[in-house]
Amino acid sequence: MKIFVLLSFLLPHFVFASSADSHIPDVLLRLQATHLPSQELLAVSFENAPKWHTYWKNPGDAGMPTKVEFKLDGQAIQLVEKEWPIPLRYIEEGDILAFGYQDRYHAFFELPQSFIDQHQGKTLQGEATWLICKHVCIPGKRTFSATIENPLGNIKVDGETLSVNEQELLSAYEALPKLAAWPTDLDIILSMDSKNEDLVIYANYSGESDKALYKDANFLTPYPRELLTFKREELRQDSTGLLYSRFSVDWDGEYEEPEVKLPTNGQLAPSIPMKFFFLDPADGVTKVITKDFSVLNLSNAASERFFQGLTPLTKSESSQETNYPPIQNEQRSLWSFLLFAFLGGLILNVMPCVLPVITLKLYGMIQHQNESRVRIFKHNLFYTLGVLATFAALAGAILIFKSAGENVGWGFQLQSPRFVAIMIIILFVFSLNLFGLFEFGTPGGKSLGGVKLKDSMFGDFLGGVLATILSTPCSAPFLGTALTFAFTGGNTMIFLVFGFVGLGLAFPFILTGIFPKAISFLPKPGMWMDHLKKFLGLTLLLTLIWLLDVYGALVDTSIPVLKLNTILTLLFFAFFMRAKITKRKIAVGLSFLIPTLMFAQLMGSTMSSSSTSDGDLIATKQQAGLPWQKWSISAMEQMRSSKTKTFIDFTAKWCFTCKVNEKLVLDSREFKQFVKDENITLLLADWTKRDEVIGNWLQSQGLVGVPAYFVINEKGELINLGETITVDEIKQAF
């Protein structure tokens, strides 16, 4: 079959040769083999006739790769092959893409001294085969041989040879492309195509790039490998100039004996290693990079929709024929996504997870009502800086995780037991401050450098930090669209989108900082504020109780929870003793030292959150009266294939929006009755702990966090309901 396909590509070369190009040189290719003892290498040199070319390992749309094979006294052997030179990319007649070589080039093979010592007196034979093309394509073959001795004797080549000096070979060897670490600015995913029959590779580069580099070269050039046939690279750019690449890939497993099928569960076992030439935009140097793909995104709808909305890098690409059906969607500009991010951040101000800290900030605004306009602006400015700095830190952490191969989403930090434990301690200390057990101090006492402590903006900055951290368990309208754009875009997009979410979250306070009279409706300061202060302390304690529940779900045993509760108790006693019993430095220092050491030991102990959740959330939800089952890709695919009506809930204990949806919808009598009447299967995906399978599947659907809700209807169709749901919407989806 493959021979007929190859002939169909090559036939135009034979049929449409013009008379002007019909001359075929007497010598199409010269060959030379040279031993380089200093490098323990055997060099095989090729020199094509002018304007004729041979092919690289991946020949492109057609052609045959140049190969060199070896025998020892007639028995086939393998010599370790070095990287081949960087091939040229050019378009042959008939719009056929090719990767290959013109003029002179060299291939290198390891020939260690130990091999020569071991096989003294034997005959080493080599055979080079190629296809050389211009207006016609002509296959060729040459052999060479040498008797092995120390040093290796004269290598005899049949046919025309060329003269190559050692310095040229050493320079060519030094110029070979080098294996490099995976670039931090390069993201790449392997996905099913729209028909779930073949594959698609999507890649994006988030650094600055010179588009002129790719006029005559690929951004990524894949090496050939079994089971895969790579099509042409498509290069596109977004409105900010970031670079995106796409390959469609044929899955050839169906031609194997026995047939190798694409996995339906998204897990590639064993993983598929791939190798690429990477023309690095950072320095213009072509490097060799490798990546093992162990996860297959089961749907490319979101990625394809995003890619099709980008601008082709060259005019020629826009004229290429694609086999993908058009996707009907509205194309949004970068500014529309940033607007969504801003609106999502603005709405976060009224979400339940942020309200305790926002209320604290309002309390501070009331307290500062009588201050000057400049002072009020400063307070709100430092709050805004706390918000933006924390969002920048979150974006940086996401990039670090992504560069390490981790898949992270919105609220990822709450999947870390250590981070949650630190947040519990911070909120507890804040609540004790509101209850009046202590005032914030500094190493300089009540004042520092002549500036009174009450004039410090540290509290405002810290308020912005807390508001940001507590906002991430919540989702909001517009936020999901913006975050999906950020996580599927480049590094710059993550910082931009996170920055605009931060501006939205801080916007009410930016506005009131510029126009202080906007808060004139708030009551005047008075004794009532002391009671409000203690009430706000209670709201922080309630938030802390929620975080304790999250912490218990993240750790594997109850011992860390017991230790953390003990630390909180001792910490309360230390502050109480300092405020009510004694202020002697030794006694106070000892009272704080014990919980500090215990907390340090807790942070240093093993607290795993990498495994999947243990089913506690499912058991809790089952007690509410519904037969929830654990979600898995195989269970979901089984429901789809059997066309069983199914409702799927992606949730987490730390997700506030999930809890609101549960109380208002999933725990309602109407929903329970609907599930019973329609005999609906319920699947629960618990993302409280970090779970790569859940994270990768959500990403394949264009989602970066929870909540997420899906239904499988009686046709076996998977329907995304989004982040907020009603019973009527669920019924309509079924």
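Of all residues in the stretch 570-607, those being closer than 19 Å to residue 417 by Cα and over 34 Å from the mean Cα position of the chain (by Cα) number 4.
Selection within the stretch 132-187: residues that are touching a Ser or Thr at 6+ places or on another chain (Cβ under 8 Å) and of a type in the set (Ser, Thr, Tyr). The member of this set that is nearest to residue 47 (Cα to Cα) is 145.
Yes/no matrix, rows are residues, columns are (1) of a type in the set (Lys, Arg); (2) farther than 28 Å from residue 149 by Cβ; (3) modelled with pLDDT under 90:
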site: 70; (1), (2), (3): no, no, no
site: 88; (1), (2), (3): no, yes, no
site: 91; (1), (2), (3): no, yes, yes
site: 103; (1), (2), (3): no, yes, no
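From the list 385, 394, 414, the lone residue that is at pLDDT 70 or above, closer than 24 Å to residue 462 by Cα and surrounded by fewer than 19 Cβ atoms within 10 Å (Cβ to Cβ) is 385.
Within the stretch 218-242, the set of residues being out of contact with any Leu (no Cβ under 7 Å at 6 or more places or on another chain) and either part of a helix (DSSP H, G or I) or among the hydrophobic types (A, V, I, L, M, F, W, C) (or both) comprises 220, 227, 228, 230, 242. Cβ separations smaller than 7 Å between residues 6+ apart or across chains give the following pairs from the stretch 533-545 residues that are more than 17 Å from residue 467 (Cα to Cα) and assigned by TED's automatic domain parsing to the domain that holds residue 470 to residues that are modelled with pLDDT of 80 or more and outside any helix (DSSP H, G or I): 534/435. Counting only residues that are among the basic types (Lys, Arg) and surrounded by 14 or more Cβ atoms within 10 Å (Cβ to Cβ), how many does the stretch 158-211 have? Result for the stretch 158-211: 1.
Across the stretch 688-703, the qualifying residues are those that are charged (D, E, K, R) and crowded, with 18+ Cβ neighbours inside 10 Å, and the one among them that is nearest to residue 666 (Cα to Cα) is 689.
Is one or more of the residues making up the stretch 680-687 at pLDDT below 85, buried (at least 20 other Cβ atoms within 10 Å of the Cβ) and at negative phi?
Within the stretch 680-687, one or more residues are at pLDDT below 85, buried (at least 20 other Cβ atoms within 10 Å of the Cβ) and at negative phi.
Counting only residues that are at pLDDT 80 or above, of a type in the set (Ser, Thr, Tyr) and touching a Pro at 6+ places or on another chain (Cβ under 7 Å), the stretch 181-220 holds 1 of them. Quick test for you: out of 262, 268, pick the one residue that is hydrophobic (A, V, I, L, M, F, W, C), in a strand (DSSP E or B) and touching a residue at least 12 places away in the same chain (Cβ under 8 Å). That would be 268, the only listed residue that is hydrophobic (A, V, I, L, M, F, W, C), in a strand (DSSP E or B) and touching a residue at least 12 places away in the same chain (Cβ under 8 Å).
Among the strands (runs of 3 or more DSSP E) confined to the stretch 22-97, the ones with at least 1 residues that are touching a Ser or Thr at 6+ places or on another chain (Cβ under 7 Å) are located at 29-36, 41-48, 53-60, 67-72. Taking the stretch 148-170 as the range and being touching a strand residue (DSSP E or B) at 6+ places or on another chain (Cβ under 9 Å) and not in a loop (DSSP other than H, G, I, E, B) as the test, the residues that pass are 156, 157, 166, 168, 169, 170. Restricting the search to the stretch 186-207, which residues are of a type in the set (D, E, K, R) and assigned to a strand (DSSP E or B)? Residue satisfying the conditions is 187 alone.
At least 1 residues that are under 30 Å from residue 401 (Cβ atoms), of a type in the set (A, V, I, L, M) and free of Cβ contacts under 8 Å to residues at least 24 places away in the same chain in each: list the strands (runs of 3 or more DSSP E) lying fully within the stretch 627-734 that qualify.
Result: 718-722.
Any residue at all in the stretch 108-125 that's in a strand (DSSP E or B), surrounded by 15 or more Cβ atoms within 10 Å (Cβ to Cβ), polar (S, T, N, Q) and not assigned by TED's automatic domain parsing to the domain that holds residue 223? Looking through the stretch 108-125, at least one residue is in a strand (DSSP E or B), surrounded by 15 or more Cβ atoms within 10 Å (Cβ to Cβ), polar (S, T, N, Q) and not assigned by TED's automatic domain parsing to the domain that holds residue 223. Selection over the stretch 208-217 of residues that are in contact (Cβ under 8 Å) with a residue 24 or more places away in the chain and not in a loop (DSSP other than H, G, I, E, B) gives a count of 3.
The values are calculated or read from the model by the stated rules, or taken from the named source; none is laboratory data. Nothing here was measured: the structure is a model prediction, and the numbers come from that model. So basically every Cβ, Gly included, is an ideal-geometry build from the backbone, and we count neighbours across all protein chains shown.
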